[in-house]
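*Asks:* The structure's right below; bear with me while I get my questions together.
The values are calculated or read from the model by the stated rules, or taken from the named source; none is laboratory data. All values reported here derive from a predicted model rather than from experimental measurement. A quick note on method: Cβ atoms are made from the backbone with ideal geometry, for glycine too, and the neighbour counts reach across all protein chains shown.
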Amino acid sequence: MTKPRPLVAGNWKMNGARASWKEAESLAGLLAADPEVRADVMLCPPTTLIAEFAQGLKGSELLVGGQDCHGESSGAHTGDISAGMLADAGATAVIVGHSERRADHGETSEDVRIKAAAAHKSELLAIICVGETETERKQGEALNVVGTQLSGSLPEKAQAGNTVIAYEPVWAIGTGLTPTLDDVGEMHRHIRSELKGKLGEAEAAGIRILYGGSVKPVNAAELMAVTDVNGALVGGASLKAEDFWGIVSVYAEK
């Protein structure tokens with residue numbers, strides 16, 4: 001069975017200003033200069049930069065996504081942004097359910113499911129995040145926690161063409177810590193198995209499962225080589241084009 005095309009997505013979180021365009025421009029230039037990269041590459045900058053980046057990157061291989069969206073298409077939701085607005089600004093995808101949203105804003109898996117469905121309605125790729133805390137892993141609950149999050153976060157119309165799953169062990173995000181390769185492999189196999197149970201084997205086989213959590217140029221190759229790892233969701237290492245390229249270039253044909 002053909003493996004899904006990898007995706008390497010950079011989540012800039014609450015970082016970046018208009019001057020950061022030079023990093024996006026540099027990354028697009030690196031992609032253009034190396035046509036052997038066999039992966040989709042995306043930046044998810046703050047909402048303030050999406051339209052400008054999308055316009056500037058037209059015709060390039062670098063995609064643009066958002067970091068969150070509201071579950072409703074419009075309404076009295078001060079400070080929020082809808083999936084349709086992201087699409088209108090030029091985004092092609094949106095991250096939903098990131099652990100920082102779940103923790104800082106109390107988002108439940110049901111909230112995430114609604115947001116992912118809204119993304120699908122606006123023809124955006126939904127990047128659904130799941131992951132366990134350090135306490136949950138130490139208690140041996142990691143597989144159960146992630147399975148429950150996945151089940152609750154997956155919308156009814158999820159399929160390979162509109163959904164990506166990103167596994168991010170919460171305790172590894174921004175800490176410099178990473179699970180063992182065996183732990184990563186076990187979790188990704190578990191997620192794939194859960195997807196098969198919900199979507200059927202053929203559809204589940206095509207869904208990309210990304211790994212996120214202190215992915216850096218020095219560990220990217222070994223992490224991306226793990227079975228059922230189909231790319232990465234990268235945080236801090238995506239802010240500088242040179243660092244991010246060190247991860248993306250793992251997928252360059254030698």
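*Asks:* Counting just the residues of the stretch 150-170 that are touching a His at 6+ places or on another chain (Cβ under 7 Å) and over 20 Å from Glu100 (Cα atoms), which one comes out modelled with the lowest pLDDT?
*Replies:* Selected residue: Lys157.
Results for (1) closer than 21 Å to Ile81 by Cα; (2) at pLDDT below 95; (3) surrounded by 16 or more Cβ atoms within 10 Å (Cβ to Cβ); (4) in contact with a His (Cβ under 6 Å, 6 or more places away or on another chain), shown as yes or no for each residue.
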site: Val94; (1), (2), (3), (4): yes, no, yes, no
site: Asp104; (1), (2), (3), (4): yes, no, no, no
site: Val112; (1), (2), (3), (4): yes, no, yes, no
site: Ala118; (1), (2), (3), (4): yes, no, yes, no
site: Glu134; (1), (2), (3), (4): no, yes, no, no
site: Gly140; (1), (2), (3), (4): no, no, no, no
site: Asn144; (1), (2), (3), (4): no, no, no, no
site: Thr148; (1), (2), (3), (4): no, no, no, no
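*Asks:* Right, here's the next one. Can you tell me which residue is nearest to the chain's Cα centre (by Cα) among those in the stretch 198-213 that are crowded, with 21+ Cβ neighbours inside 10 Å and assigned to a loop (DSSP other than H, G, I, E, B)?
*Replies:* Only one residue tops the list, namely Gly212.
*Asks:* Also, I was wondering about something else. Is it fair to say Leu195 is assigned to a helix (DSSP H, G or I) and within 27 Å of Glu141 (Cβ to Cβ)?
*Replies:* yes
*Asks:* Of all residues in the stretch 5-15, how many are buried (at least 20 other Cβ atoms within 10 Å of the Cβ) and either under 17 Å from Leu86 (Cα atoms) or out of contact with any Gly (no Cβ under 9 Å at 6 or more places or on another chain) (or both)?
*Replies:* Residues that pass the stated criteria total 4.
*Asks:* Right, another one. May I ask you to verify whether Ala89 is surrounded by fewer than 16 Cβ atoms within 10 Å (Cβ to Cβ), among the aliphatic types (A, V, I, L, M) and without any contact (Cβ under 8 Å) to a residue 60 or more places away in the chain?
*Replies:* It is false that Ala89 is surrounded by fewer than 16 Cβ atoms within 10 Å (Cβ to Cβ), among the aliphatic types (A, V, I, L, M) and without any contact (Cβ under 8 Å) to a residue 60 or more places away in the chain.
*Asks:* Tell me which residues, restricted to the stretch 39-85, are within 17 Å of Asn11 (Cα to Cα), small (Gly, Ala, Ser) and more than 19 Å from the chain's Cα centre (by Cα).
*Replies:* Ala51
*Asks:* Oh, and also: Could you tell me which residue of the stretch 171-182 is modelled with the highest pLDDT, considering only residues that are in contact with a helix residue (DSSP H, G or I) (Cβ under 8 Å, 6 or more places away or on another chain) and within 19 Å of Met224 (Cα to Cα)?
*Replies:* Once the filter is applied, the top-ranked residue is Leu181.
*Asks:* Another question, then. Which condition number does Tyr251 fail, the rest of (1) of a type in the set (Ser, Thr, Tyr); (2) out of contact with any Lys or Arg (no Cβ under 8 Å at 6 or more places or on another chain); (3) crowded, with 16+ Cβ neighbours inside 10 Å being met?
*Replies:* (2)
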